[in-house]
């Protein structure tokens, strides 16, 4: 179960980061609109990209063992950088803007969700490249268990965000809430990055 847990933590740390996609999912949850379809689209896109990453990058690592070394270093560096970025964000005042220009018709909502999900270049870096590189460290079988863990965290997060939007919205308009969340993300990224380095040396 260790790869599943590792995938869950890695996926959670990346997915929970503040972004336009999460803000849109939360907005729809606050307004009680499309609370099933929006998180479904977000999570199914994530699942497909995650497994595309662990399958492709994992295979590349199997064919070229030396790539395991470089991908581990690259993945750890990125995670440390991401953790540092979250740590810096935790030190700065932040708040979520009030939702505006709501999209209530299903067609535009679906298109907006897909655009926010697939037109963001960071989603490919996070899922295909980073998740694939990190998942490849767990071996031929473990990489898919890692993908399962990451997928579970994605599905849980988007549906939790959607259905708890009404309760979360007042909290996330406060600066301290974002600071706490960014701090947790920073610690998670540092811990995962360090663990990758230990696995490489082990």
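The values are calculated or read from the model by the stated rules, or taken from the named source; none is laboratory data. Keep in mind it's a predicted model, so treat the numbers as computed, not measured. With ideal geometry, Cβ positions are generated from the backbone for all residues, glycine too; neighbour counts draw on all protein chains shown.
Values as computed for the structure displayed
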| item | result |
| --- | --- |
| Top-ranked residue in region 109-122 [being within 15 Å of the chain's Cα centre (by Cα) and either at pLDDT 85 or above or part of a helix (DSSP H, G or I) (or both); ranked as surrounded by the fewest Cβ atoms within 10 Å (Cβ to Cβ)] | 121 |
| Every pair of residues 6+ apart whose Cβ atoms lie under 9 Å, when the first sits in region 170-182 and is closer than 14 Å to residue 92 by Cβ while the second is surrounded by fewer than 16 Cβ atoms within 10 Å (Cβ to Cβ) and modelled with pLDDT of 80 or more | 179/91; 182/85; 182/88; 182/91 |
| Some residue of region 161-178 being closer than 15 Å to residue 12 by Cα and either modelled with pLDDT under 85 or touching a helix residue (DSSP H, G or I) at 6+ places or on another chain (Cβ under 7 Å) (or both) | yes |
| Selected residue (only one of 125, 130 is over 15 Å from residue 38 (Cβ atoms), under 13 Å from the mean Cα position of the chain (by Cα), part of a helix (DSSP H, G or I) and modelled with pLDDT of 80 or more) | 130 |
| Residue among 161, 156 that alone is within 19 Å of residue 46 (Cα to Cα) and in contact (Cβ under 8 Å) with a residue 60 or more places away in the chain | 161 |
| Residue within region 90-108 that is under 19 Å from residue 10 (Cβ atoms) and modelled with pLDDT under 80 present | no |
| Checklist (1) more than 15 Å from the chain's Cα centre (by Cα); (2) within 30 Å of residue 33 (Cβ to Cβ); (3) modelled with pLDDT of 85 or more applied to residue 143, failing item | (2) |
